[in-house]
Amino acid sequence: MTADVQTPMSHGSRGRQAEEFACHYLQGKGFQLIERNYRCVHGEIDLIMLDGHSIVFVEVRYRRSQSFGGGIESVDYRKQAKLIATAAHYLQRDKKAARQPSRFDVVAVSPGSGQDCVEWIKDAFRA
């Protein structure tokens, strides 16, 4: 007789769940999803959304614990530079989007009692 063994959720699948959670959260605030996981040679942007007339590049961070800093703090200068370069690539590809104002938001998702908690930083950094 063998016991059912539940394996812990992989980092990648938990990250995808956090992105889904953040996407629904922002859609509840009136955002429209344009694209998920935009990738180019410079890096990846988790969510590209529309907030009114603004293109919003959203970095989603999941942190199981605050031991090594929270999700917001993990978007350091190097990560910001990658996001800015990736966003520039996207805007060069999409001329209509390039004519609209844009910004960078960070959504940190962490476990809470009963459901995940969200910390949303609108216009978290500038290009």
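The values are calculated or read from the model by the stated rules, or taken from the named source; none is laboratory data. These numbers were taken from a predicted model, which means no experiment stands behind them. Counting neighbours? That spans all protein chains shown, and the Cβs are built from the backbone with ideal geometry, glycine included. SASA here: full protein model, heavy atoms, side chains in, ligands and nucleic acids out. Shrake-Rupley method; radii C 1.70, N 1.55, O 1.52, S 1.80 Å.
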Would you be able to tell me the number of residues in the stretch 97-127 that are in a strand (DSSP E or B) and either surrounded by 15 or more Cβ atoms within 10 Å (Cβ to Cβ) or touching a helix residue (DSSP H, G or I) at 6+ places or on another chain (Cβ under 7 Å) (or both)? 14
What's the number of the condition THR86 fails, among (1) open to solvent by 40 Å² or more (accessible area, probe 1.4 Å); (2) modelled with pLDDT of 95 or more; (3) among the polar types (S, T, N, Q)? (1)
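Do you know which residues across the stretch 19-45 are assigned to a helix (DSSP H, G or I) and surrounded by 15 or more Cβ atoms within 10 Å (Cβ to Cβ)?
Answer for the stretch 19-45, where residues must be assigned to a helix (DSSP H, G or I) and surrounded by 15 or more Cβ atoms within 10 Å (Cβ to Cβ): GLU19, PHE21, ALA22, CYS23, TYR25, LEU26.
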Scanning for something of a type in the set (Ser, Thr, Tyr), in a loop (DSSP other than H, G, I, E, B) and at pLDDT below 95, does the stretch 57-73 turn up at least one residue? yes
Can you tell me which residue in the stretch 74-96 is farthest from VAL106 (Cα to Cα), limited to those that are in a loop (DSSP other than H, G, I, E, B) and touching a strand residue (DSSP E or B) at 6+ places or on another chain (Cβ under 6 Å)? SER74
